[in-house]
1. Does residue B:415 satisfy being within 8 Å of chain A (Cβ to nearest Cβ) and either within 21 Å of residue B:236 (Cβ to Cβ) or assigned to a helix (DSSP H, G or I) (or both)?
2. Quick check on region B:356-369. Is at least one of its residues part of a helix (DSSP H, G or I) and more than 19 Å from residue B:287 (Cα to Cα)?
3. What single numbered condition from (1) assigned to a helix (DSSP H, G or I); (2) free of Cβ contacts under 8 Å to residues at least 12 places away in the same chain fails to hold for residue A:110?
4. Take the residues in region B:24-62 that are in a loop (DSSP other than H, G, I, E, B) and either without any contact (Cβ under 8 Å) to a residue 12 or more places away in the chain or more than 16 Å from the chain's Cα centre (by Cα) (or both), then tell me which one is farthest from the other protein chains (Cβ to nearest Cβ).
5. From A:291, A:270, A:296, which residue is assigned to a helix (DSSP H, G or I) and closer than 24 Å to residue B:87 by Cβ?
6. Scan region A:286-308 and report the pairs whose first residue is exposed (fewer than 12 other Cβ atoms within 10 Å of the Cβ) and whose second residue is at pLDDT below 90, with Cβ atoms within less than 8 Å and a gap of 6+ or a chain change.
7. Do you know which residues across region B:192-209 are over 18 Å from residue B:383 (Cβ atoms) and either touching a residue at least 24 places away in the same chain (Cβ under 8 Å) or surrounded by fewer than 18 Cβ atoms within 10 Å (Cβ to Cβ) (or both)?
């Protein structure tokens, strides 16, 4: 029978030292974890409990006015708030279009690099640069690009003999400008994950498929996509969750305008909480968004069978 | 031993970091930009002079309100003084975030700020407006001016300062028509929210309209005067550059400094930029005028930066002493040389300043302040401004007719203000 090695950390001295020393040794793990646990509790538990309680209360900006319990009143307000409905619609449109484009471009680029330009590492580095730039800097850069009078984009349009555009100032183009900037910034993220996924694929199934005369498309559809499914699912999940929180690009480029065309949920929650100082209502909206995101993520993970 | 030393060092460093702000005698929250920079410089002078440690917390415009509201709501005492934009005053005062300054003035042996301050500058610091107790002291004397290229306007048939919005339109249209899509007679902030509202309000007032009636029991955007103002606003939009629908102050400033646009409503702190050869192609070409008239006398939007003491402040008397010092005639003059418009008659008329080109707009600015109008003094102004800003943005973007936008704004503001029709 194999003898169990004594774990120096797990070993609890029993017969020596004072009672305090023995207690300390026995609870050393808990003691060492306690500061971190307390910090985490403070940073996550407190805000969550605060949000849950505020969502069912009317929280006055006046600290001397006691909070008033309003039950589901704040949630009911959401049903008749037209600005919120616009924000939800815009957020969904943005998420669907931006994440779809990022996925298609990211996957396409990854396939291209994996198949044909494996050795050009500097190109990969260049492609990853947008993702590494701070989001505010990205937004400011695109603001300058879109500037109707001095921006590079209209200069390009002029040189091509095309009419200049108002871009972020055009109600029909504003959302597209936000999506374009987001696609530029986050396609590299999908590209990176896909490239890593492709690099880890086994070569044998492809060799067998080639022997069987499978076309490149069949190989991609029947081998690459199923093999990549977990990576695709993770990439999409992360991007969708991030896109639902879109704030910085909109805040810098359009402040939700023109005519509410780019108002997003995060921007609206920010306005309700910090401009209108209506903390109860902002907490209620945040809570619904949180549950919707968690619900969607759970469904998505099950649907993609990630748990397997 | 080493481990104990490192642990002690870490604890000490954490304690130092946490209590850094607590060391300050006074902590002041200020906005980014010239207003905050000016007060930061004054605070440094004060610290040297009095030996008082003054901590300045600087944040972007929107975040100053957010931080101050949060500090007020939680009674955190994080800030002793807040440099506030004047439309925020009703919110802070009516929610108990600001200290009534009457007792502090009484302790000084005076009833309130002295008469050298302009009347309109003091009026915004009382809550209710012009009648209530002082809850702040004015520091930066902002009021909108009408900026225009005198030579271009003269060439377009309007000599001297345009007296009416019709004059502005006449000259601006001629400039736009001759500009071939590259030069424009007028430019404005059309971006949703505060931007479009700030450039619409002077037109509203100059046509004799307002958002509310005198006792704030009725929203008055359904009047003929409001519709006339909206008509002129949209007419001017028609001769403005492409993309004004998303323009903020920087876009308007850049259009003017590059010579692309010939006129705009703007804040006086842009004067320094316009007169700086490193930033402007129109140095010496821009003239500054009071707001043109519509069917009524023109009126600028007042946008003073004022200093108030937070109710939960830890060092209220020290804070008041600093405010009294920073708003003295000598300090307001120094503040003016740092690019912040003054709030005192003696500084506006100081020949040492007015003889210099960069202060040549002072007589006009003083006149603009004296004939200015505050934004509606309502504790829910941020919400009202948002609702009006969305509807104006819809009108400017063309997704709603101007009349429909006014009607929708009327309904939205009535709902926010709790006014039944």
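1. No; evaluated as a whole, the condition is false for this residue.
2. Scanning region B:356-369, I find no residue that is part of a helix (DSSP H, G or I) and more than 19 Å from residue B:287 (Cα to Cα), so the answer is no.
3. Only one criterion is unmet by residue A:110, namely (2).
4. B:51
5. Of A:291, A:270, A:296, the one residue that is assigned to a helix (DSSP H, G or I) and closer than 24 Å to residue B:87 by Cβ is A:270.
6. A:307/A:301
7. Narrowing region B:192-209 to residues over 18 Å from residue B:383 (Cβ atoms): B:199, B:202-209.
Selection gives B:199, B:202, B:203, B:204, B:205, B:206, B:207, B:208.
A quick yes/no check of all residues on (1) part of a helix (DSSP H, G or I); (2) surrounded by fewer than 18 Cβ atoms within 10 Å (Cβ to Cβ):
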position	(1), (2)
A:123	yes, yes
A:126	yes, yes
A:129	yes, yes
A:136	yes, yes
A:141	yes, yes
A:148	no, no
A:153	yes, no
A:157	yes, yes
A:162	no, yes
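The values are calculated or read from the model by the stated rules, or taken from the named source; none is laboratory data. These numbers were taken from a predicted model, which means no experiment stands behind them. Because the Cβ atoms are built from the backbone with ideal geometry, glycine has one as well, and the counts that use them run over all protein chains shown.
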